[in-house]
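Chemist: Please read through the structure below; I'll follow up with questions.
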Amino acid sequence: MDIIKEILGKVCSSIQENFPLSAITGFRTGGPARFFVSPSDIEEIKEIIAICNRYKIPLIIVGKGTNILISDNGFDGIVLCTKNFNKMVIEGTDIYCQSGALLSTLLKISIEKELKGIEFLSGIPGTTGGAIISNAGLKEEWISEKVVRVDVISLSNGQEKSLKRKDINFGYRTSGLENYFISGILFHLTNGVKEEIKKAIAEYMKKRIATQPLGYPSAGSIFKNPPGLFAGMLIEKCGLKGYSIGGACISEKHANFVINKGRGTSEDIYKLILIVKEQVKKMYNIELETEIKIIGSFPVSPSSLPSPPRGEGKIQRRGKREGAEDEKCE
C-alpha cells in the first residue's frame, strides 16, 4: 500500500495514515482507517475515486460521522472526509452548498439572509451531503422538498451529473444516491422574518433536547420506523430501555438511541443492535431495519448474546397523520 500513499499524496494535500476513526464518529468508537483524506476541490475528489477504482481499494465517504458505526478493527481502505469541501453560495432565495457544509452553518446562513423552510433541521449535527443521502426529515417535513438539484460524481466511473429533484428517488430515509459522491446541492427557500425563523429553530431544538439524549455520544436514531409504528416504542415495549452491554446503553430517554456512556466499543453497540432486532422480531414478528450505516467486520455470533429482559408486548399502530417520533435524521 506504500505506492497508494505516494499516489494519494500527489493528489491530496490532506492525508493521514492509520487515522483513528473514533475521533470523527458520533459514537466515538471505531478503529483506524488505512488512509484518511480530506480533499478540498472536485479535481482532488475525482482523482481519489479514480485511484480507488484503478487499484480496487475500498472507499467510504464521511461527513461528521454521525450516522455510522465502524468496526473496532477499523477500515482497510480510504476514508474520504468532506470537512474541507464546505463552500456555500447564496443568490436570492437559493443556497448552493458543497456536501461538507454543516447543517448548522446552513441554518445560520438562513437566519442571516432571512430565508425560511429548513428550521426543522435544527439540532442535527450532520452535513448537507449526509442529509441528502438519508433524506433528513421530521414528521412531514423532508429536506428533499427544498432541493432544486443535486450535483454528483459516480463512484464507479467518476462521471459528473446534475440531477433534478424529480430524477432522484427520494423516500423515507433514502435518496438512492448511495453510489455517488454528492458534490453540491441547490436549495430553494422562501423569504421570511429573522426573528420568526430564529424562534422556530429554537423550538425544534428545545424539543430535541427534551426527547433525545444529546449529552452522550450516539449516532441518533438507530432504526427506521416500520409502517404505522415507531421503532422506539417497539424497543421500549420489549423492555430494553436502559439495557446495557459494556459501555453502550439503550437510552432511557429515547429507546431508538444507543448511547456511549464512556468506554463503549463498536462491538458493544453492534451487540445491542442485534439484541433489539432479535427481540422485536420475536415479540412482534417485525424486522427492524437499521437507519445507520454499519461498516467493517463484526465477528459476533447471535448465540453468544446475553438474554435481555422481557417486555409487555402490546402495541398500537399510529394513524397516518399522527405525529411521528422526534428522531435524528442525518
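Chemist: In segment 57-98, how many are in a loop (DSSP other than H, G, I, E, B) and either surrounded by fewer than 22 Cβ atoms within 10 Å (Cβ to Cβ) or not polar (S, T, N, Q) (or both)?
Modeler: Going through segment 57-98 one residue at a time, the tally reaches 16.
Chemist: Just name the residue that is surrounded by the fewest Cβ atoms within 10 Å (Cβ to Cβ) out of those in segment 249-260 that are free of Cβ contacts under 8 Å to residues at least 40 places away in the same chain and within 17 Å of I292 (Cβ to Cβ).
Modeler: S251
Chemist: May I ask you to say which residue of I201, I222 is farther than 19 Å from E114 by Cα and buried (at least 18 other Cβ atoms within 10 Å of the Cβ)?
Modeler: I222
Chemist: Residues of segment 142-177 being in contact with a Leu (Cβ under 9 Å, 6 or more places away or on another chain) and charged (D, E, K, R), which ones?
Modeler: K146, R149, D151 - these are the residues of segment 142-177 that are in contact with a Leu (Cβ under 9 Å, 6 or more places away or on another chain) and charged (D, E, K, R).
Chemist: Which condition from (1) modelled with pLDDT under 95; (2) over 25 Å from L21 (Cα atoms); (3) crowded, with 19+ Cβ neighbours inside 10 Å is the one that G126 breaks?
Modeler: For G126, the failing item is (2).
Chemist: Quick test for you: out of E278, E236, pick the one residue that is more than 21 Å from T66 (Cβ to Cβ), in contact (Cβ under 8 Å) with a residue 60 or more places away in the chain and acidic (D, E).
Modeler: Testing whether each residue is more than 21 Å from T66 (Cβ to Cβ), in contact (Cβ under 8 Å) with a residue 60 or more places away in the chain and acidic (D, E) leaves just E236.
Chemist: Please go through segment 249-272 and give me each residue that is in a loop (DSSP other than H, G, I, E, B) and either in contact with a Pro (Cβ under 7 Å, 6 or more places away or on another chain) or assigned by TED's automatic domain parsing to the domain that holds G63 (or both), ordered by number.
Modeler: As a first pass, look at segment 249-272 and keep what is in a loop (DSSP other than H, G, I, E, B): 251-256, 261-265.
Passing the criteria: S251, K253, H254.
Chemist: Next question. Tell me whether segment 156-166 contains one or more residues that are among the hydroxyl-bearing types (S, T, Y), closer than 26 Å to I42 by Cα, without any contact (Cβ under 8 Å) to a residue 40 or more places away in the chain and outside the structural domain of P226 (by TED's automatic domain parsing).
Modeler: So far as segment 156-166 goes, yes, one or more of its residues are among the hydroxyl-bearing types (S, T, Y), closer than 26 Å to I42 by Cα, without any contact (Cβ under 8 Å) to a residue 40 or more places away in the chain and outside the structural domain of P226 (by TED's automatic domain parsing).
Chemist: So which residues in segment 176-205 are assigned to a strand (DSSP E or B) and not aromatic (F, W, Y), if there are any at all? Show your work before the answer.
Modeler: Keep residues of segment 176-205 that are assigned to a strand (DSSP E or B), which gives 180-188, 190-191.
Across segment 176-205, the qualifying residues are I182, S183, G184, I185, L186, H188, T190, N191.
Chemist: Using the structure shown, decide if T105 is among the hydroxyl-bearing types (S, T, Y), assigned by TED's automatic domain parsing to the domain that holds I133, over 28 Å from Y270 (Cα atoms) and touching a residue at least 60 places away in the same chain (Cβ under 8 Å).
Modeler: no
Chemist: When you check F170 against the structure, is it in the same structural domain as G129 (by TED's automatic domain parsing), within 30 Å of I269 (Cα to Cα) and of a type in the set (A, V, I, L, M, F, W, C), yes or no?
Modeler: Numbers: in the same structural domain as G129 (by TED's automatic domain parsing): yes; within 30 Å of I269 (Cα to Cα): yes; of a type in the set (A, V, I, L, M, F, W, C): yes.
In short, yes.
Chemist: Any residue that is under 15 Å from F27 (Cβ atoms), in contact with an Asp or Glu (Cβ under 9 Å, 6 or more places away or on another chain) and crowded, with 16+ Cβ neighbours inside 10 Å - is there at least one of those in segment 271-285? First the steps, then the outcome.
Modeler: Here is the first cut: in segment 271-285, the residues under 15 Å from F27 (Cβ atoms) are 271-273.
Now restrict to residues that are in contact with an Asp or Glu (Cβ under 9 Å, 6 or more places away or on another chain): none.
Taking every residue of segment 271-285 in turn, none turns out to be under 15 Å from F27 (Cβ atoms), in contact with an Asp or Glu (Cβ under 9 Å, 6 or more places away or on another chain) and crowded, with 16+ Cβ neighbours inside 10 Å.
Chemist: Taking segment 118-150, which residues are under 14 Å from the mean Cα position of the chain (by Cα) and in a loop (DSSP other than H, G, I, E, B)?
Modeler: Of everything in segment 118-150, those that are under 14 Å from the mean Cα position of the chain (by Cα) and in a loop (DSSP other than H, G, I, E, B) turn out to be G123, I124, P125, G126, S134, N135, A136.
Chemist: Now for a separate question. Only one of G176, G246, G239 is surrounded by fewer than 21 Cβ atoms within 10 Å (Cβ to Cβ), outside the structural domain of S40 (by TED's automatic domain parsing) and over 30 Å from R263 (Cα atoms). Can you tell me which?
Modeler: Checking each option against the conditions leaves just G176.
Chemist: From the set of residues in segment 14-38 that are in a loop (DSSP other than H, G, I, E, B) and touching an Asp or Glu at 6+ places or on another chain (Cβ under 8 Å), which is surrounded by the fewest Cβ atoms within 10 Å (Cβ to Cβ)? First the steps, then the outcome.
Modeler: Looking only at segment 14-38, we keep the residues that are in a loop (DSSP other than H, G, I, E, B), and these are 14, 24-31, 38.
Filter again for touching an Asp or Glu at 6+ places or on another chain (Cβ under 8 Å), leaving 29-31.
Numbers: T29: 25, G30: 26, G31: 19.
Checking each candidate, the answer is G31.
The values are calculated or read from the model by the stated rules, or taken from the named source; none is laboratory data. Everything numeric here is computed off the predicted structure, so don't read it as measured data. In this analysis, Cβ positions are derived from the backbone assuming ideal geometry, glycine residues included, and neighbour counts consider all displayed protein chains.
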